[in-house]
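First comes the structure, then the notes that go with it.
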Amino acid sequence: MSGVRVLIAILGMDQHELGAIAVARLLRDAGMEVIYAGRFNLPGMIVNSAVEEDVDVVGLSCHSWEYMYYVPELLNLLEERQLRIPVMVGGSVVTPGDTQLLLSKGVAAVFGPAATAGEIVQTIRDAARAREGV
Amino acid sequence: MPKFHGFLEDTYYFSEVGLDSVEEMALGFIEIRYVVRELLKRGVAIDRFAPRIAILVNCRMDFFEEIAKIRATRRLFARMMREEFGAQDPRSLSAAITCHTSGLSLTSQQPVNNIVRGTVQALALAIAGVQAIEISAFDEAYRTPSPESHLIALRTQQIVDLESNVAKVADPLGGSYFVEALTGDLEKRIWDMVLSIEAKGDPAELSDKGWFRSLFDKAAERYAAQIREGKLPKVGLNVHQVPPEEDTMLRDVAERKMDPCWGRIEQVQEMKRKRDQGRLAAVLSDLYRAAKAEGENLMWPMIGATEAGATMGEVGGILRMAYGSRYDPVGGTEPPVSL
């Protein structure tokens, strides 16, 4: 399959952009189409972009504390609009405890500082393929 | 405010994308020179503001290079002020240098090692004779820093200062064949880069064209490759790793949550309800108009706005609007008054 579309965004007032740019490049180099929303996004903006751009996966880069507030809000918005778009979270600040909590709330995958490029690409491909099958 | 630094050149935040020390200071000097020239154009004498310029630099892990960078910066700053801008006050020639230790140099793996990194960096900075130091919290590579890690950062400085005594002597490495050669080399390379960038044109135009952005992108990729290929050793990350299940020391603090300061948020909301809306509208309109007009001094309308109870966020938002972007970049709030 080709043409996996991924939205990469950073939440709230989190200023750290390096990780998001690195992952965006990585996915682009792996042949995916990356829609890069950059910094300063609220959940509503992300949902709108995801719909407009018809993406297969939403990837959130988190290097500040806001993710525990905004990610559940984003999942609720997707649920309300009956959008079955997998949400993935990446960032070194996501603790093991928070990872479990996010996964239990419905986040499709969490990538910590030890995640490899291959693992990220494969997980996104699998999620996009599973969605195609739906 | 005699001790207020009206202009802090912050080379830390942009160099954290992975710039090397030459690129860091060259871009810093580009910005300092730009601001100095603008102020001179407005008729402010160099000795009236040069003593209040401060520089906030980065500190990575290459011990002697970071020391030499700071020594080279002092030489370049003094020479530039004296020979190029005609400063005469000795205070205009001495750069006030503060430093944050590099967050990028820390690892999420085996975080206790970050305390050691902070110590090496603090020692370098103390030997380089900076005016102030902030050591990055050891846990910031994997969480919003905890109160415990802030305290360890402070204690590190106190140990370096009070127990090692290295700060009791000025420039202890002066005369060292290695440090002097390195300082001379960095001094030349930093200045060559400053001149080569300025030869490309007006830095503001270069910025609009994305020239700096592309420099940052290249540096970020270069740094990532150095880490990936192991050319820049990072203990615990690309060399001497331990399995994640054994990497538990000092990790427990990461799960402790800090709440936002709800009490403070309520105080600000209360203040906003009580302030005089008519007066607020008048001062913010004044600020908006002044910012839209070319060449007006914004200092007075900003002081007026804060005296009428406008917050820093509101002042920033009004300025953003005047310069053609959104009041709130995140789109979560609206301006407190209609303009």
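The values are calculated or read from the model by the stated rules, or taken from the named source; none is laboratory data. From a predicted model like this one, the values you see are computed outputs, not experimental measurements. Note that we place each Cβ from the backbone using ideal geometry, even for glycine, and neighbour counts take in every protein chain shown. Just the protein is used for accessible areas: all its heavy atoms, side chains included, with ligands, DNA and RNA removed. Shrake-Rupley method; radii C 1.70, N 1.55, O 1.52, S 1.80 Å.
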Original post:
Within the range A:89-119, restricting attention to residues that are within 14 Å of chain B (Cβ to nearest Cβ), in a helix (DSSP H, G or I) and not charged (D, E, K, R), which residue is surrounded by the most Cβ atoms within 10 Å (Cβ to Cβ)?
Top reply: A:L102
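Examine the range B:100-119 for a residue that is closer than 18 Å to B:D10 by Cβ and open to solvent by 40 Å² or more (accessible area, probe 1.4 Å), and state whether such a residue exists.
So the first thing to find is which residues in the range B:100-119 are closer than 18 Å to B:D10 by Cβ, and the list is B:100-105.
If we keep only those that are open to solvent by 40 Å² or more (accessible area, probe 1.4 Å) as well, we get B:100, B:104.
Yes, some residue in the range B:100-119 is closer than 18 Å to B:D10 by Cβ and open to solvent by 40 Å² or more (accessible area, probe 1.4 Å).
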Original post:
Are any residues in the range B:296-339 more than 24 Å from A:I46 (Cα to Cα) and open to solvent by 70 Å² or more (accessible area, probe 1.4 Å), and if so, which ones?
Top reply: B:E296, B:N297, B:M299, B:W300, B:T306, B:E307, B:M312, B:Y323, B:S338, B:L339
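Being open to solvent by less than 70 Å² (accessible area, probe 1.4 Å) and under 12 Å from B:L27 (Cα atoms) is the filter here, so list the residues in the range B:193-203 that pass it.
Those that are open to solvent by less than 70 Å² (accessible area, probe 1.4 Å) and under 12 Å from B:L27 (Cα atoms): B:M193, B:V194, B:S196, B:I197, B:E198, B:P203.
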**OP:** Give, as residue ranges, the strands (runs of 3 or more DSSP E) completely inside the range A:1-88 that count at least 3 residues that are without any contact (Cβ under 8 Å) to a residue 40 or more places away in the chain and open to solvent by 10 Å² or more (accessible area, probe 1.4 Å).
**Re:** A:33-41
Subject >> Count - residues of the range A:102-117 that are farther than 21 Å from A:V55 by Cβ and either basic (K, R) or at pLDDT 95 or above (or both) >> reply: 1
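Conditions (1) charged (D, E, K, R); (2) in contact with an Asp or Glu (Cβ under 8 Å, 6 or more places away or on another chain); (3) farther than 28 Å from B:I115 by Cα, marked per residue:
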| position | (1), (2), (3) |
| --- | --- |
| B:S149 | no, yes, no |
| B:R155 | yes, no, no |
| B:V166 | no, no, no |
| B:G174 | no, yes, no |
| B:L195 | no, no, yes |
Subject >> Within the range B:114-139, tally of residues that are under 19 Å from B:L232 (Cβ atoms) and either modelled with pLDDT under 95 or within 14 Å of chain A (Cβ to nearest Cβ) (or both) >> reply: 2
Subject >> Members of the range B:215-252 that are closer than 23 Å to B:T144 by Cα and either within 9 Å of chain A (Cβ to nearest Cβ) or crowded, with 16+ Cβ neighbours inside 10 Å (or both) >> reply: B:A220, B:A224, B:K234, B:G236, B:L237, B:P244, B:D247, B:L250, B:R251
**OP:** Return only the number of the condition from (1) exposed (fewer than 13 other Cβ atoms within 10 Å of the Cβ); (2) farther than 30 Å from B:N114 by Cα that B:K272 does not satisfy.
**Re:** (1)
Original post:
Listed residues B:V36, B:V17, B:V44; which is of a type in the set (V, I, T), at pLDDT below 95 and more than 16 Å from B:A72 (Cβ to Cβ)?
Top reply: B:V17
Subject >> Of all residues in the range B:1-47 being away from chain A (no Cβ under 14 Å) and of a type in the set (S, T, Y), the one that is farthest from the chain's Cα centre (by Cα) >> reply: B:Y34
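From the list B:E148, B:E83, which one is open to solvent by 30 Å² or more (accessible area, probe 1.4 Å), modelled with pLDDT of 95 or more and more than 14 Å from chain A (Cβ to nearest Cβ)?
Result of the check over B:E148, B:E83: B:E83.
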